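Enquirer: What follows is a single structure, and I will ask about it in a moment.
Each value in this text was obtained by applying a stated rule to the coordinates, not by laboratory testing. Please read these numbers as outputs of a predicted model, since none were measured by experiment. Here the Cβ positions follow ideal geometry from the backbone for every residue, glycine too, while neighbour counts run over all protein chains shown.
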């Protein structure tokens, strides 16, 4: 098979039919030998029923129905594992990025004979907080993780079979795909794309974004652990200096009563806060080790319609 198109479903009922019409039309301009793989990530609406209706008239449409909602990145991995194409195009079906993008990506990957063409936003869409927060996120993960992940990358990318097979072989149970896709290497080219505002509300809540940021940092960086160690050393040195100061002062001025209950309590509370924070950071890394060693599958497939 020449081309596989992989996309995920979560509250996608309103987009499915239009997405199918557009992506199949553009895929036909590249090759007649293609498949469209939908992965249902436990969508609570009628997304599955919409895809099954489309399948009745087009056997190029495949559906992987997961047993529950595992998360966007896990659903993507299910689709990549199932895809059979020589090239795999990954995209979201919410039409924020035009399905015509697949043609531009295909032209680039053929002309330059590379393994990956990925999309990125030159200017992030959304409100001020979303724009600034997104920019800060990419700077932070690259600095802490010693990576070179292109900022403002989008889901859309066209990948060679050998690249996808090596990406899957990483075996990570804690998924941060942007980092994994960058770390995998091979020849990659970024192409600017225009990302429009989706019709409905985004399913990526603020809490999901925070969780993703935490996943990204703890998956590709040990800097937080090193920072806590260095902070602990500094506090220890400061405490020793403080003790030396108090002892010397008492020896020089033995008649003085050392008063400092308030400052002492502040220091105790500060030390306690730092200790709890440090234990929390260590706990996050231990939890990732726990998840990795459990060796549970990334997802469970309920039904396959192929």
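Enquirer: Modelling each spin label as a point 7 Å along the Cα-to-Cβ direction, I'd like the residue 284/residue 22 distance in nm, to one decimal.
Expert: The modelled label-to-label distance comes out at 3.5 nm.
Enquirer: Report the extension gain between residue 293 and residue 67 in nm, rounded to one decimal, defined as 0.36 nm multiplied by the number of residues separating them, less their alpha carbon distance. Walk me through the numbers before you get to the answer.
Expert: On the way: separation 226, 0.36 × 226 = 81.36 nm, distance 2.23 nm.
The residue 293-residue 67 span can extend by a further 79.1 nm.
Enquirer: Using the count of nearby Cβ atoms within 10 Å as a rough guide to exposure, how do 299, 89, 285 rank from fewest to most? Spell out each step's value before the answer.
Expert: On the way: 299 23, 89 28, 285 14.
The fewest-first ordering by Cβ neighbours comes to 285, 299, 89.
Enquirer: A further question follows. Arranged by the count of other C-beta atoms within 10 angstrom, fewest first, what order do 60, 29 take?
Expert: 29, 60
Enquirer: Order by neighbour count: 191, 39, fewest other Cβ atoms within 10 Å first, most last. Intermediate values should be presented prior to the final figure.
Expert: Numbers: 191 17, 39 28.
Exposure proxy ranking, most exposed first: 191, 39.
Enquirer: Can you compute the FRET efficiency between residue 113 and residue 241 using 1/(1 + (r/R0)^6), with r the Cβ-Cβ distance and R0 = 51 Å? Round to the nearest 0.05. Present the calculation step by step, with values, prior to reporting the outcome.
Expert: On the way: r = 62 Å, r/R0 = 1.21.
Given R0 = 51 Å and the Cβ-Cβ separation, E is 0.25.
Enquirer: Under a crude label model (7 Å from the Cα following the beta-carbon direction), how far is residue 123 from residue 169 in nanometres?
Expert: For the pair residue 123/residue 169, the computed spacing is 4.3 nm.
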